[in-house]
Amino acid sequence: MIKDRSIDCVFADPPFNLGKDYKNGYKDNLDDNEYFRWCYRWLSECARILKPGGALFVYAIPSIAIKFGAFLNDIMTFRHWIALSMKGTYSRGNKLYPAHYALLYYTNGEPKTFNRLRTSIPICRHCGKEIKDYGGHRDKLNPAGLNLTDFWEDTSPNRHRKFKVRPGVNELKITIPERAILISTEEDDIVFDPFGGGGSTYQAAEKNNRYWIGSELYDCNHIKNRLNEEFPLSIGLKPDKLLFDIFVEE
Ligand SMILES: C[S@@+](CC[C@H](N)C(=O)[O-])C[C@H]1O[C@@H](n2cnc3c(N)ncnc32)[C@H](O)[C@@H]1O
């Protein structure tokens with residue numbers, strides 16, 4: 001079991017219970033009550049293991065995120081509902097066309113780390129020119145880029161088959177967990193992702209010199225392959241002692 005107050009950042013991208021075929025044996029079609037009971041259990045565990053000021057990010061569709069938020073509001077401090085532009089979907093029944101996913105950002109009390117990130121100035125992919133004119137104040141922009149807002153337009157294509165690195169895995173673009181990690185942690189902090197999938201969070205953490213731990217109930221080969229490809233020199237090394245210290249016998 002992971003100790004209380006031992007983790008700096010949790011990034012969670014759970015199954016959404018939409019009957020999706022994860023191709024790994026996971027049954028994504030629980031009864032709704034059972035699904036949310038399970039979610040509230042792991043959300044509580046995330047809050048328990050986070051250090052004071054530690055950050056929880058949860059990626060979800062809005063109908064699920066709103067329930068997660070209602071639950072988390074009682075046990076953690078709300079920071080942001082980050083809207084991630086979603087392309088390539090279709091409207092269902094009498095609903096509006098869904099154009100965003102939610103990335104909930106909560107902390108255990110006041111955040112212990114908050115790094116302001118900047119993003120590059122958006123360029124038209126056809127003509128290569130900047131898309132906006134910034135009301136004539138382009139010269140006043142910080143050369144390091146624009147302040148990151150709570151609306152991320154550049155995180156798509158998220159799960160389009162054509163862009164997937166590992167077909168068959170429901171993986172996120174690495175930008176998503178990477179930004180969450182960079183916003184809320186410093187080097188040598190510990191990141192936990194309970195739903196490993198294709199390992200995008202682990203890659204983002206390793207790339208940015210954060211320690212990481214994770215779990216995946218089903219096929220871990222996608223994670224292993226990713227880490228082998230990205231970090232061939234680190235694979236097989238004994239994990240740092242610090243990582244053993246966060247576990248305690250139940
Ligand atoms: C949406 S995917 C995560 C994708 C990941 N964020 C990425 O970018 O590669 C959710 C994953 O959670 C796994 N999963 C489902 N229930 C789990 C559980 N109880 N413990 C650990 N992993 C679980 C599924 O097998 C699936 O691979």
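Assorted remarks:
- Single condition Asp74 does not satisfy, out of (1) at pLDDT below 95; (2) within 28 Å of Ile183 (Cβ to Cβ): (1)
- Residues that are open to solvent by 100 Å² or more (accessible area, probe 1.4 Å) and assigned to a helix (DSSP H, G or I) within the range 16-33 comprise just one, Asn33.
- Some residue of the range 149-164 being open to solvent by 90 Å² or more (accessible area, probe 1.4 Å), among the aromatic types (Phe, Trp, Tyr) and in contact with a helix residue (DSSP H, G or I) (Cβ under 8 Å, 6 or more places away or on another chain): no
- Any hit, the range 85-100, residues being open to solvent by less than 40 Å² (accessible area, probe 1.4 Å), touching a residue at least 60 places away in the same chain (Cβ under 8 Å), more than 20 Å from Glu186 (Cα to Cα) and out of contact with any helix residue (DSSP H, G or I) (no Cβ under 7 Å at 6 or more places or on another chain): yes
- Selection of the range 1-31 for residues being more than 13 Å from the ligand (Cβ to nearest atom) and within 16 Å of Gly53 (Cβ to Cβ) yields Asp4, Arg5, Ser6, Ile7, Asp8, Cys9.
Per-residue answers, yes or no, for (1) among the small types (Gly, Ala, Ser); (2) more than 29 Å from Phe192 (Cα to Cα):
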position	(1), (2)
Ser44	yes, no
Arg48	no, no
Met86	no, no
Ala102	yes, no
Ile121	no, yes
Cys124	no, yes
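- For Ile75, the requirement of being in a loop (DSSP other than H, G, I, E, B) and either open to solvent by 60 Å² or more (accessible area, probe 1.4 Å) or of a type in the set (Ser, Thr, Tyr) (or both) is met.
- Counted residues, the range 41-72 - those being assigned to a strand (DSSP E or B), open to solvent by 30 Å² or more (accessible area, probe 1.4 Å) and within 14 Å of the ligand (Cβ to nearest atom): 0
The values are calculated or read from the model by the stated rules, or taken from the named source; none is laboratory data. Quick caveat, the model's predicted, so the values are computed rather than measured. Cβ sites come from the backbone with ideal geometry, for glycine too, and all protein chains shown count toward neighbours. Note: areas computed on protein heavy atoms with side chains; ligands, DNA, RNA excluded. Shrake-Rupley method; radii C 1.70, N 1.55, O 1.52, S 1.80 Å.
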